[in-house]
1. Sort through 138, 147, 122, 189 and tell me the only one that's of a type in the set (Gly, Ala, Ser), touching a helix residue (DSSP H, G or I) at 6+ places or on another chain (Cβ under 7 Å) and at pLDDT 95 or above.
2. Which strands (runs of 3 or more DSSP E) does segment 298-351 wholly contain that include 1 or more residues that are closer than 17 Å to residue 29 by Cβ and within 15 Å of the chain's Cα centre (by Cα)?
3. Every residue in segment 50-60 that is surrounded by fewer than 15 Cβ atoms within 10 Å (Cβ to Cβ) and under 24 Å from residue 301 (Cβ atoms), please.
4. Can you go through 174, 160 and tell me which one is free of Cβ contacts under 8 Å to residues at least 12 places away in the same chain and closer than 19 Å to residue 119 by Cα?
5. Surrounded by fewer than 21 Cβ atoms within 10 Å (Cβ to Cβ) and of a type outside the set (Ser, Thr, Tyr): does that describe residue 181?
6. Among the residues of segment 1-32, how many are among the hydrophobic types (A, V, I, L, M, F, W, C) and surrounded by fewer than 15 Cβ atoms within 10 Å (Cβ to Cβ)?
7. Condition first: assigned by TED's automatic domain parsing to the domain that holds residue 77, surrounded by fewer than 22 Cβ atoms within 10 Å (Cβ to Cβ) and at pLDDT below 95. Can you find one or more residues in segment 321-335 that meet it?
Amino acid sequence: MSSTLSQLVDEVLGFIHRPELEQFDSLAMRIFDYQRRAVPAYREYCGQLGIGPDGATLPADIPFVSTIAFKYVMLAAKGAAETRGACEFLTSGTTSGAERRGRHLVQYPEVYRASALAHLRAMLFCDLPEGARMRILAMHPTAERMAESSLSAMITWCIEEFGEPKSRCVADRERVDIDAAVAYLREAAAMHAPVCVLGTTAGFAALFERVKESRERFILGPGSRMMDTGGPKGQRVPLAPGEVAARAAGLLGIAEDLVINEYGMTELCSQLYDATRFNSEFATASGERVKLAPPWMRPAAIDPATMRRLPDGTPGMLAFIDLANVCSVAAVMTEDIGIVEGKRVRLFGRARASDARGCALSIEMFAAAASR
């Protein structure tokens, strides 16, 4: 019996709040059945792959869609955009010229919100008692300043859920106000108040440079933390995640285990975070960081030539079945290379063009659909 979207949304929300891992496969298959029927571009894609109503019986059979496909077609059911509260998020890039921006229509943002906050609590705020709040400094625009950004939405929800009234955003779509960030941290350090700093690597690089130039060193209150969302744009000298943690410790007094790098993207409603001694039993003794997916997300490594799943421990293109993507397409393949071991992911970086040629056929299918 086919499930309705309303039923699936309720089940996914229930899974996020009370994960029952033995239910993952069944829920993933019912979501795939709905999406194959309801999302026109995905239905056509599955048809070209020869996958009909009975063509997939296990999650391993579900065909992945490249994140690049989101640049060519709307991967949502007809009429989804008219749903009250629906949000359309855009990938970074130019709004004109040759570069296309990916578009992810999230028909029911409450699922994205539940997913984001649940894994944030587990990985960044696991030590806070229920209902406790702390100062949050956002060095990336919030939703009212950049409505098309999925990261802005997540930061807004984070402040609403975990931030105290003295929380502040010091960025808009044009720039990050580094002077305001430094003043905020100086005041917090003088009061020995803990702060959670949210932002991109580029923003942190500018902050570290300014603090270093001023010959200051802040000692933020115990329990201060930082969420580094990555991103190479705007960095004169790119900082690796380990360098961000080291500089946060040396200049701001934030323990390195509390500097957590996030891995996420517009096309997914769930994120992965670094496992450290602060938040996980999977922290490695060597200090090498792995990222953890939430229970409602299943990572895989894909052979880009055959589009087949690879055994654990084998490098490949990273892909995910994200149940929180219930309203669009749950099976998404990224442009990144990594190794998967259960829920743990080792990220190596962006694939070269030559590495990704094997999945070009699937991208061509969506590009052809867009031209029609």
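The values are calculated or read from the model by the stated rules, or taken from the named source; none is laboratory data. All of these numbers come straight from a predicted model, not from anything done at the bench. Heads up, the Cβs are rebuilt from the backbone with ideal geometry, glycines too, and the neighbour counts pull from every protein chain shown.
1. 138
2. 316-322, 331-341
3. Listed by number, the residues that qualify are 50, 55, 57, 58, 60.
4. So the residue among 174, 160 that is free of Cβ contacts under 8 Å to residues at least 12 places away in the same chain and closer than 19 Å to residue 119 by Cα is 160.
5. For residue 181, the condition - surrounded by fewer than 21 Cβ atoms within 10 Å (Cβ to Cβ) and of a type outside the set (Ser, Thr, Tyr) - is not met.
6. Kept after step one, since they are among the hydrophobic types (A, V, I, L, M, F, W, C), are these residues of segment 1-32: 1, 5, 8-9, 12-13, 15-16, 21, 24, 27-29, 31-32.
Right, trim to surrounded by fewer than 15 Cβ atoms within 10 Å (Cβ to Cβ) and you get 1, 21.
Summing the residues that are among the hydrophobic types (A, V, I, L, M, F, W, C) and surrounded by fewer than 15 Cβ atoms within 10 Å (Cβ to Cβ) in segment 1-32 gives 2.
7. So far as segment 321-335 goes, yes, one or more of its residues are assigned by TED's automatic domain parsing to the domain that holds residue 77, surrounded by fewer than 22 Cβ atoms within 10 Å (Cβ to Cβ) and at pLDDT below 95.
Quick grid of which residues meet (1) assigned by TED's automatic domain parsing to the domain that holds residue 324; (2) free of Cβ contacts under 8 Å to residues at least 24 places away in the same chain; (3) of a type in the set (Asp, Glu); (4) under 27 Å from residue 227 (Cβ atoms):
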{"residue": "11", "(1), (2), (3), (4)": "yes, yes, yes, no"}
{"residue": "16", "(1), (2), (3), (4)": "yes, no, no, yes"}
{"residue": "30", "(1), (2), (3), (4)": "yes, no, no, no"}
{"residue": "34", "(1), (2), (3), (4)": "yes, no, no, no"}
{"residue": "43", "(1), (2), (3), (4)": "yes, yes, no, no"}
{"residue": "47", "(1), (2), (3), (4)": "yes, yes, no, no"}
{"residue": "69", "(1), (2), (3), (4)": "yes, no, no, no"}
{"residue": "101", "(1), (2), (3), (4)": "no, no, no, yes"}
{"residue": "115", "(1), (2), (3), (4)": "no, no, no, yes"}
